[in-house]
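J.: One structure, pasted below without further comment.
Each reported figure results from applying straightforward, stated rules to the coordinates on display, with no laboratory input. Just so it is clear, the structure is predicted and the values come from calculations on it, not from any experiment. Because the Cβ atoms are built from the backbone with ideal geometry, glycine has one as well, and the counts that use them run over all protein chains shown.
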Amino acid sequence: MTAYILATLDIHDLQKFARYRELVVPQIQRFDGLTIVNTEDLTVREGRPARRRVILVRFPTAALANAFLDAKAYQPLLKLRLEAATGEVVIVES
């Protein structure tokens with residue numbers, strides 16, 4: 001079953017976040033992931049967005065999505081992302 005990592009973030013250090021984006025793409029690809037959405041261009045139809053940036057990454061399975069997030073190689077990137085942005089990250093299966 002396809003799984004998605006959905007991240008909603010507020011970025012407070014653009015330089016660090018740009019570095020994170022550059023480094024994370026090969027790691028996502030290593031787990032057969034594909035970034036579907038990475039934008040701050042939101043059209044609010046109801047309520048107000050809790051965060052400014054929305055990122056959606058597709059993986060073939062939830063196991064691969066979890067493996068990506070748990071990978072030893074991702075941990076330094078996670079630290080960098082946490083220094084650059086705050087928010088929520090969830091896995092959704094479809």
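J.: Restricting the range 49-94 to residues that are of a type in the set (Asp, Glu) and touching a helix residue (DSSP H, G or I) at 6+ places or on another chain (Cβ under 6 Å), which is surrounded by the most Cβ atoms within 10 Å (Cβ to Cβ)?
T.: Once the filter is applied, the top-ranked residue is GLU83.
J.: So which of ALA67, ALA73, ALA63 ends up being farther than 16 Å from VAL25 by Cα and of a type in the set (A, V, I, L, M)?
T.: On inspection, the qualifying residue turns out to be ALA63.
J.: Is it fair to say LEU64 is in contact with a Phe, Trp or Tyr (Cβ under 6 Å, 6 or more places away or on another chain) and on the phi < 0 side of the Ramachandran plot?
T.: Against the criterion (in contact with a Phe, Trp or Tyr (Cβ under 6 Å, 6 or more places away or on another chain) and on the phi < 0 side of the Ramachandran plot), LEU64 qualifies.
J.: Right, another one. Can you list the strands (runs of 3 or more DSSP E) found entirely within the range 1-81 that contain at least 1 residues being in contact (Cβ under 8 Å) with a residue 60 or more places away in the chain and within 14 Å of the chain's Cα centre (by Cα)?
T.: Those strands (runs of 3 or more DSSP E) span 3-11.
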